[in-house]
Amino acid sequence: MEKVCTLPQRNHSVSPGTCRLNELGIGCTARVVSVGGDAELRRRLLEMGFCNGAQVQAIRRAPLGDPIEFSLRGYHLSLRKEQARHVKVAPAAGETAGHETE
Amino acid sequence: MSSCCNTKDTLASTKGILTVALAGNPNSGKTTVFNGLTGLRQKVANYPGVTVERKTGRCRLPGGTVAHIIDLPGSYSLISRSPDEQIAMEVLRGLRADTAAPDAVVVVVDASNLQRNLYLVSQLIEMGKPLVVALNMMDVAERRGLHVSPQRLAKQLGVPVVPVVAHKRKGIEQLKRAILEAKVAPMPDWPLPQEMREELLLVGGGLGLLTPQQNLERSKATAERLLIGDRAADLHEIWKQEPVAALLDHAGRRLARLGIDPMQADIEAHYRWIDAVAASSLVPAGQPLAEPDQTRGYAARATLTDRVDAILVHRFWGLVIFAAVMASLFVTIFWLAQPIMNGMQNGIVFVGHWLTHRLPQGPLKSMLNDGVIGGVGTVIAFVPQIALLFFFLAILEDSGYLSRAAFLMDKLLARVGLHGKSFIPLLSSFACAIPGIMAARTIESRRDRLATILIAPFMSCSARLPVYALLIGTFFASHSALVQAGIMLGCYALGILAAVATAWVFKRSLLKGGATAFILELPSYKVPQLSQVARQVWLNAGEFVTKAGTTILAFSVVLWALAYYPRLPAGREQAALLGGGPNAVTAAQSEYSFAGRVGHAMEPALRPLGFDWKMGVGLVGAFAAREVFVSTMGITYAVGDVENGTRNLSAAMRADRYADGRPVWTPLVAISLLVWFVLALQCMSTVAIARRETGGWRWPIFMLVYMNLLAYAVSLAVYQVGSHLGYA
Ligand SMILES: Nc1nc2c(ncn2[C@@H]2O[C@H](COP(=O)(O)OP(=O)(O)OP(=O)(O)O)[C@@H](O)[C@H]2O)c(=O)[nH]1
Ligand SMILES: [Mg+2]
C-alpha cells in the first residue's frame, strides 16, 4: 500500500500546509519551502541543495533518535534535528514513497 | 557561447610547466583521478574527508608538456567552513604562499550526484580560471539509470568534459589531453532577481572604477562574492576600502528592504541554473533530476544501498552490528594473530642463534643476538597483527560504513560534547593518532576539533598493540583465549572511556560552547576494492617494518650498549660468582650497567606502580616509539640470559625474580603496566602533529601533562588497590 503522509498535528509556529523537516514522517516526501536559522547554517543548507522547492525524503532516524537521514537531489545526507528544524517543507498530500509500505 | 575546440591559446603554448589543481566535492574521486594521472598512490577511501592536505605529483601530458598536479581536500563550496575546505579554497584562489596559483583546474564531478556537484562547478566558473570537468563515476551513474551526456554537458558549460571511471583508469588519457584544452567558461547569466542584478551592476561598476584593469564581468563576479558575504583573503584589500564598504552597505540595505537575502538569492539562482544544465545533460533530455519518484535512477539506488542500510542502520540491529563490528575488530586481531606471532617470535630467536652461533663469545655476538635480534626481532614479530588491523580498517573505510558509524554514534558523541564527525578521526587513531588528528580537519567548529585532537591519543594505536600482546600473552597465558581477548578488548575500552570522560570534562570547562551543526553526506556502499585494501595493508605494514629497521634498530643498539656496558670489574664478578652462582653474576652485571643505574635511579618513582628498573628503562625508551618497550624487554632479558637464550622472551619474563625471590612480574604488575600504556602520551610525533594542527605549543604541552599524569595516577591506583586486595 502507498504511504500517505499527513501533516503532524502541532505546527502552530509554521504556516498552514507546512511543517518542519524534522517532523516529516519517515518515508514521506516533501518540498522545501524555506530555510531559516543563522546565516552560516542557512548558507550550508542552501549550498547542499535545500532550495528552489527541491524534493526531500525522510529516510530514517538514527537508532538513538537523532540525527535523521534524508535523501535529496539524488544523494543522502544526515542532519541533526536541531538543523532539520530550520527547514520548512510542504508535504505533498497523498505523496507516494517507495519506503515503508504499510 | 564559445566552442571548445579553439586551439589558438591552449595552455601548452603559453607555459612551460603547468600547475593543475584537482577540485571537487568530497568523495567525488579526486584522489583516484590524481593517482591515475601521476602514478602515485595516495590514500583513497569511500567516505568524505579522506584527503585533508594538498599533495602534488607530476604528470606528462601529450606533446611533452609537464604538469604539476595538486590533489586537494574535497569541498562543497568555495566559501570554506572547515580547515580542509579552507586549504582547497586557498590553493584554488592562489592565496597560499607555499603553492603556485593553478593555471588550470580539473573539477572532478560525481556523475551520479550531478546537481550538488555542479554547485562547486558554478562557483569555479565565476573564479574565471581555465577549467576541465572530469565526469567521474560514470559506471555508478549508468547503473542507476542516469545517462549523463558529456557532450551536452560540455556544450552547456563551455569547457571540455571528459567521462571517467577513475578506479578503472578509464578516461585518464583523454583527461590528460583535455587539460591542454582547458577553457575559461563563459559566465552564465544567473537567474537572479532583477533588483539584485541592478545592485550587482552598481557595485561592480564601482569596483571597475577602482580596478580598471578588470572587465565589468569580473568586477560583477567580485561584487557578487562581496555581496553574499564571502570574506576570503583575496577580497580583504577590496572590501576594506571606504567607497566599497559604503556601496555594499547601501546595496545590502536596499535588498533587505525588498526582502531579498543576497546570499540566499545567489545560491538559489545557481541551483536554478544547475537544474537547467543537469536536465539538458541527461539522456533522454529533459528528465527532471529533482523528482526522486519519477527518475528510475533513484529507485535503483534505493534498492541496493537502502536495502543494506535497512539492516546496518536499523533501529535495533544497527547498534548491535556496530558493537559487534568494533568488538570483532579488536578481538580477531588478537585471536588470529597470536599463534602466528608466537611462531614468528620463536622463529626469530632460532634464526638468530643459527646466524650467530659460530661467532666467538663477546660484545659483537651479544650485540647481534641480544641487541638486534632481541630488540628488532621481537618487534618484527608483530607484523601480522599490524597487517590484520589495517586490513580491517581498510575494508571499513572503503565500504562506506564509516559514515554510517558516524551517523549512528552522533547522538552519543553529542552527549559528551563531541560530534559525529569526530568518529572517523577517533577510529583512525586506532591505527595511529597522527592521521587521526589530521582527519579532525574536517570538523568545522574549532572547539569540537580541539576536543577531538585532545582525546585522539587515548585510542590505542597500532604501536601499543605489540606491548598489549606481549604482556597479555605472557602473563595470562594460563587463561582461556576468551579471557585474553577480553583483556585486550578491555585495554581498548579503557582508552575509549578515558577519551569520553575527558571530552566531557573539557567541553564543560576549557572548550565550553553550544552545540554545532552536523551535516554529513552518506555515500553509497561499495564493494571494497581489493587492490585498495591490499595497498593499505602493504603500505602500513611496510612502514612498521621500516620503523623497526631504523628508529627501533638504532634505539635497540643504543639500549643494548647501555645494558651491556660497563662490564663488571673481574674482582666483583668473582665475588658474585662465589656468592650466588651465575644468576648472581647476571644480576650484578645488569645493575652495574648504565641502563641499570638509570633504571635504579628511577625506581623510587616507579615502585608504587609495581614497576621494576627494567620496566623503567623500557618506559623511557617508549618515548622514542612505544614498540621500543618491547625491544627493551627483548634486550634486557637476552643480555641477562645466562643460558644464552634458548627460552623465548615470555618465559624469561615469567622467570624473573627479585633478590628476595618474589616474582618481578605478576598479573597485577602487567595490568598496571597495561593501564599506563593505554593512557600515557609517549609519542613525540603525536605531540609534533598536535602542535601543527592547533597552531602552537599550548595544547600539545597540555596533552603531554594531563595524559601522563592521568596514566600515573590510574596505574598507581590500580596497583595499590590491587595489592591491598591481595592480588600479588
Ligand atoms: N564506482 C566507482 N568508484 C570510484 C570511481 N572513482 C573513485 N571511486 C571510489 O570512490 C571513493 C572515493 O574516492 P577518492 O578518490 O578517495 O575521493 P576523493 O574525492 O579524493 O575524496 P576526499 O579526499 O574525501 O575528498 C573510493 O572508494 C574510490 O575507490 C569511479 O569512477 N567509479
Ligand atoms: Mg581525496
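The values are calculated or read from the model by the stated rules, or taken from the named source; none is laboratory data. Since the structure is predicted, the reported quantities are computational estimates derived from the model, not experimental observations. All Cβ positions, glycine included, derive from the backbone under ideal geometry; neighbour counts span all protein chains shown.
A few remarks follow.
- Among residues of region A:71-94, those that are away from chain B (no Cβ under 11 Å) and modelled with pLDDT under 90, counted: 3
- On the stretch given as region B:544-585, residues that are within 19 Å of B:THR378 (Cβ to Cβ), of a type in the set (A, V, I, L, M, F, W, C) and touching a residue at least 24 places away in the same chain (Cβ under 8 Å) total 12.
- Search result, residues across region B:516-543 that are free of Cβ contacts under 8 Å to residues at least 40 places away in the same chain and of a type outside the set (Ser, Thr, Tyr): B:ILE519, B:LEU530, B:ALA534, B:TRP538, B:GLY542, B:GLU543
- Selected residue [more than 9 Å from chain A (Cβ to nearest Cβ), modelled with pLDDT of 80 or more, farther than 24 Å from B:SER462 by Cα and out of contact with any helix residue (DSSP H, G or I) (no Cβ under 7 Å at 6 or more places or on another chain)] from B:ALA323, B:ALA279, B:ALA265, B:ALA310: B:ALA279
- Only residues that are out of contact with any Pro (no Cβ under 7 Å at 6 or more places or on another chain), within 9 Å of ligand 2 (Cβ to nearest atom) and either in the same structural domain as B:ALA394 (by TED's automatic domain parsing) or in contact (Cβ under 8 Å) with a residue 60 or more places away in the chain (or both) were counted in region B:34-49, giving 3.
- Scan of region B:18-55 for residues that are near ligand 1 (Cβ under 6 Å from one of its atoms), under 17 Å from the mean Cα position of the chain (by Cα) and within 14 Å of chain A (Cβ to nearest Cβ), ordered by number: B:PRO26, B:ASN27, B:ASN46, B:PRO48, B:GLY49
- Helices (runs of 4 or more DSSP H) enclosed by region B:125-233 - at least 2 residues per element that are closer than 18 Å to B:GLN115 by Cα: B:138-143, B:150-157
- Some residue of region B:374-392 being among the β-branched types (Val, Ile, Thr) and under 26 Å from A:ASP66 (Cα atoms): no
- The set of residues in region B:385-409 being β-branched (Val, Ile, Thr) and under 16 Å from the mean Cα position of the chain (by Cα) consists of B:ILE395 alone.
So that you can scan it fast, the table gives a plain yes or no per residue for (1) crowded, with 17+ Cβ neighbours inside 10 Å; (2) modelled with pLDDT of 90 or more; (3) under 42 Å from the mean Cα position of the chain (by Cα):
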position	(1), (2), (3)
B:LEU192	yes, yes, yes
B:PRO212	no, no, no
B:GLU217	no, no, yes
B:GLU224	yes, no, yes
B:ILE238	yes, no, yes
B:HIS250	no, no, no
B:GLN287	yes, no, yes
B:TYR298	yes, no, yes
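- Residues of region B:78-86 include at least one that is away from ligand 1 (no atom under 14 Å from the Cβ), part of a loop (DSSP other than H, G, I, E, B) and within 21 Å of B:ASN136 (Cα to Cα).
- Extreme residue, farthest from A:LEU45 (Cα to Cα), among residues of region B:62-83 that are within 13 Å of ligand 2 (Cβ to nearest atom) and within 14 Å of chain A (Cβ to nearest Cβ): B:GLY74
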